[in-house]
1. Please name all residue pairs, on different chains or six or more residues apart, with Cβ atoms under 8 Å, provided the first residue is in segment 46-57 and is assigned to a strand (DSSP E or B) and the second residue is aromatic (Phe, Trp, Tyr) and surrounded by 12 or more Cβ atoms within 10 Å (Cβ to Cβ).
2. Name every residue in segment 98-112 that is open to solvent by less than 90 Å² (accessible area, probe 1.4 Å) and either at pLDDT 95 or above or farther than 24 Å from residue 68 by Cα (or both), in order of residue number.
3. Taking segment 45-57 as the region of interest, how many residues are surrounded by fewer than 20 Cβ atoms within 10 Å (Cβ to Cβ) and among the aliphatic types (A, V, I, L, M)?
4. For segment 29-37, indicate whether the set of residues that are touching a strand residue (DSSP E or B) at 6+ places or on another chain (Cβ under 7 Å), β-branched (Val, Ile, Thr) and buried (at least 18 other Cβ atoms within 10 Å of the Cβ) is non-empty.
Amino acid sequence: MDLFLIAHIAGRGVAIESGQVDSVVDIGDVVAVPLADRAVRGLAALRSRVVTVIDTGIALGLDPTPASARRAVITRIDGHHYAVLVDSLEDVAPFERLPLASGMALDRGWARAGTGIVERDGEPLLILDLTAVVPTAVPA
């Protein structure tokens, strides 16, 4: 059994492996970054450091996350902190990691970011890899 944070993104319940979660926060003001990837909403100050705020909806090829969204999962990837916006957060709980079913159809970014499932009360929740949500730098 592994520990997972249960969150909702674009109206869908997901499980995020606890090892990818630095903290959960409410983001304040976000400053836009010119020429950044569309999925980068901007930068925000968080506890005396700057984090890159990721619009998870856009990163997954879905509708943009509402501008009013403030809940975020802080993750650290390659030494940088990112705030991945979520609709809501529930709790951390232990679940058995299950493989994606061979017939499970995942569209858009869900197929890239989904690494397995957990079952909560008979409902399958996609395990979301946060590194697949954060845009990678494009060489100039």
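The values are calculated or read from the model by the stated rules, or taken from the named source; none is laboratory data. Predicted model only: the values in this text are computed from it and were never measured. In this analysis, Cβ positions are derived from the backbone assuming ideal geometry, glycine residues included, and neighbour counts consider all displayed protein chains. In case anyone asks, the SASA skips ligands and DNA or RNA and just uses the protein heavy atoms, side chains included. Shrake-Rupley method; radii C 1.70, N 1.55, O 1.52, S 1.80 Å.
1. 51/82; 52/82; 53/82; 54/82
2. Residues satisfying the conditions are 98, 100, 101, 103, 104, 106, 107, 111.
3. 3
4. yes
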